1. List pairs: first residue in the stretch 69-87 and within 16 Å of Arg45 (Cα to Cα) and free of Cβ contacts under 8 Å to residues at least 40 places away in the same chain, second residue outside any helix (DSSP H, G or I) and not hydroxyl-bearing (Ser, Thr, Tyr) anywhere in the structure, Cβ distance under 9 angstrom, at least six positions apart or on different chains.
2. For the stretch 65-83, which positions are crowded, with 17+ Cβ neighbours inside 10 Å and over 13 Å from the mean Cα position of the chain (by Cα)?
Amino acid sequence: MRAERTARAGVARVRVPSRPEVFTGPRPGLSVSGVGFEDMYRQERSRLFRFVRSLGADDHEAEDAVQEAFTAAYKRWDAIREPRAYLYTAAMRQYYRADARNRETPASDRMPDQAEPLSSGDVAEFNDLEERVRAAITALPARQRQVMALTLAGFKPAQIAEQLGSDEAAVRQNQVRGRGNIARQLGIDRRNPQ
């Protein structure tokens, strides 16, 4: 803004722009990145479920963590810059919080697993290989498990480092160690591939 002095009055006059500046934020229902909540839900729900399962969750725990992550994201959807990263981080944290609460619960108070499949049509069905890989990931040390689960979910080392509050070199080191541990558990000789 520019101030001008008039010679007669000696008063500063402020020039007002002819058009007011208008905030051009995201349209309602879209995240800052321009992705709609419904689209993200359809695209990522099953993948997010499998991701939480790969952290060691059973079907019920994974379903709860995914639902809580989407609920939290929905409440602040217009402000989220990286919706996919937000959802994976929120689901992982929700699972670990719930897991910590469950560890404090005596074993006799825990609900029995259902023998019949869940009615939700969107629950991921694991084939034999997926189940073996998931079990191998579950057996990894905590940090390797997190890194490998995020790697399998499609995140790059820089994104994983940001989500876990680590540096990229540590993520890559955990990827190498995690892959080696998984290969050993599955009986794969990485030096002599067949």
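1. Ala73/Ile80; Tyr86/Arg76; Tyr86/Ile80
2. Kept after step one, since they are crowded, with 17+ Cβ neighbours inside 10 Å, are these residues of the stretch 65-83: 65-66, 68-70, 72-73, 77, 80, 83.
Residue satisfying the conditions is Trp77 alone.
Where a number appears in this text, it was derived from the coordinates with a stated rule and is not lab data. What you see is a predicted model, and the numbers here were worked out from it, not measured in a lab. All Cβ positions, glycine included, derive from the backbone under ideal geometry; neighbour counts span all protein chains shown.
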